[in-house]
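No lab work stands behind these numbers, since they all come straight from the coordinates. In this text, all values refer to a predicted model and were calculated from it rather than measured experimentally. For neighbour counting, all protein chains shown are included, and Cβ atoms are generated from backbone atoms with ideal geometry for every residue, glycine included.
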Amino acid sequence: MILKRLTYGVGCLLLLLGIYGIITRLFVGERDVNYGSYVVWGLWVAMYLFFAGVSTGSYMIASLEYLFGVKLFKGTGKAALWGAIVTMPAALATIGMDLGHMERIWKVYLMPNFGSLLAQMVWGYSLFLPLTLLSLWLVFRKPDSLWVKPLFAFGLFLAFILSGGVGALLGVNASRPFWHVGLFPAQFPIFSLATGAAFMLLVLGWFAPKNDERVPQQLWVLSIATVALSLIKVYFLWSDFSQSIYGGMPDNVAAVDAVLYGRYWWAFWFLQIGLGTVLPIIVLVQPKLAKNGFWAGAMGFLVLLGFVVARANIVFPALTVPELQGLANAYTGPHLNYDYFPSLMEWSVVLGVVGASTLAFLVGSDLFSLLKHEREAES
């Protein structure tokens with residue numbers, strides 16, 4: 001398949017481009033990053049939010065086959081589980097790069113403070129990844145086991161809890177009004193499900209066997225789900241921004257202005273809204289295009305791109321608003337500014353992680369025949 005070969009090539013290229021950033025981060029540290037004492041989170045945190053959403057969302061999609069028994073999606077669950085498995089390490093790798101002392105991670109396990117959301121999330125991820133691996137092993141080796149449905153029921157519950165926990169990590173920051181939104185823990189599971197649906201739209205559209213007559217209908221159902229979830233996402237966005245503007249809290253209004261009209265306006269209007277929301281909705285509501293593998297996969301890719309930008313537009317603007325008037329001019333230094341844009345090294349790390357996870361998914365898909373037509377696999 002041409003698309004698969006092209007994706008293999010892109011994955012290899014991205015991995016090569018990431019070598020510089022990964023080596024620099026591991027051996028030089030955070031000297032070459034553009035976040036610092038004022039803007040403490042950057043691109044890597046945004047990508048962590050994205051990859052964690054794809055992972056938990058993919059597990060939600062896998063539950064359609066193994067927990068709810070939806071016949072239309074029979075044969076797609078293994079690919080969704082493998083997607084969850086390869087994207088969770090990507091999430092942990094990107095957030096790991098953001099840590100100042102990665103070697104101290106052992107303290108979360110041996111000296112945990114379970115009152116901390118961060119500790120709860122680390123333990124949750126440490127449970128979710130083995131559980132996903134066990135789920136994949138079970139459906140391969142013992143698909144008729146009585147343990148399948150209970151395991152997936154618990155996995156689905158954990159996927160929702162971890163998705164909501166990501167929103168809570170931001171929402172509990174009372175010093176950042178832009179994040180201090182009670183609906184964040186409720187929004188993020190919806191966002192995760194949307195990214196999971198878009199991910200499977202891409203996978204089935206570009207890599208599913210052409211002789212599987214169910215694929216067009218699967219793509220159509222996923223397209224409807226993607227459109228519905230995109231509209232819900234826009235509604236949440238309108239709710240947050242309109243409440244912030246009408247509320248009139250200066251820090252909140254400044255953050256919203258940074259997204260809508262400030263330095264991030266182009267990413268919001270062109271990438272997140274234009275390419276990541278409006279164009280996919282226009283295409284995916286048309287059955288002929290939605291059932292076409294190329295177009296469905298391309299729209300899935302654009303929706304995923306939109307969610308990457310959306311995560312960045314959650315993280316960056318809130319941190320670019322000074323918490324104290326005049327602080328930006330009080331001190332000067334390479335990491336003492338509020339004009340954040342990712343450095344070359346930060347981009348390089350992200351490209352490397354995206355490339356590695358892409359190759360891992362493709363290699364696993366081919367090695368385990370995750371998308372092979374069932375009748376072809378049985379013969």
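Can you tell me what percent of all Cα-Cα pairs in region 1-81 are more than 19 Å apart?
In whole percent, the share of Cα-Cα pairs in region 1-81 beyond 19 Å is 64.
Would you mind getting me the FRET efficiency between S116 and L367? Use the beta-carbon distance for r and R0 = 51 Å, nearest 0.05.
Plugging the Cβ-Cβ distance into 1/(1 + (r/R0)^6) gives 0.85.
Which FRET efficiency value, to the nearest 0.05, do you get for F68 and S37 by plugging their Cβ-Cβ distance into 1/(1 + (r/R0)^6) with R0 = 56 Å?
The computed FRET efficiency comes out at 0.70.
Which pairs break 20 Å Cα to Cα here: K74/K233; K233/K291; K4/K71; K74/K288; K4/K210?
K74/K233; K233/K291; K4/K71; K74/K288
What whole-number distance in Å separates the alpha-carbon centres of region 114-188 and region 300-330?
24 Å
What does the extension gain come out to for K288 and D339, with contour length at 0.36 nm per residue minus their alpha carbon separation?
Contour length minus the Cα-Cα distance gives 13.9 nm.
Order of 85-98, 138-151 by packing, highest average Cβ count within 10 Å first?
85-98, 138-151
Assuming 0.36 nm per residue, please report the length gained on full extension of the stretch W266 to L133 beyond their Cα-Cα distance.
43.9 nm
Assuming R0 = 25 Å, what is the FRET efficiency of W347 and Y109, from their Cβ-Cβ distance, to the nearest 0.05?
Here the calculated transfer efficiency is 0.20.
In Å, what is the Rg of the alpha-carbon atoms in the chain, and how long is Dmax?
Answer for the chain, Rg first and Dmax second: 20.8, 73 Å.
I want to check the label-to-label distance for C12 and Y235. Put each point 7 Å from Cα in the C-beta direction and report it in nm to one decimal.
4.6 nm
May I ask you to list, by number, the DSSP H helices of the chain whose Cα span along the axis is at least 30 Å and whose average Kyte-Doolittle hydropathy reaches 1.0 or more?
Correct list, ordered by number: 2-28, 43-66, 77-98, 117-141, 148-171, 184-207, 293-319, 344-367.
Between Q243 and Q325, with labels modelled 7 Å along Cα→Cβ, what's the label distance in nm to one decimal, could you check?
So the two model labels end up 2.8 nm from each other.
Stretched out fully, how many nm does the piece from N211 to R141 gain, at 0.36 nm a residue minus the Cα gap?
Length gained, N211 through R141: 22.7 nm.
Could you work out how far the C-alpha centroid of region 337-356 sits from that of region 243-296, in angstrom?
22 Å
Compute the relative contact order of the chain as a whole-number percentage, counting only Cα pairs closer than 8 Å that sit 6 or more residues apart in sequence.
Reported as a whole number, the value is 33 percent.
Roughly how many debye, to the nearest 20, is the charge dipole of the chain about its Cα centre, given +1 on each Lys and Arg Cβ, -1 on each Asp and Glu Cβ, and no other charges?
About 860 debye.
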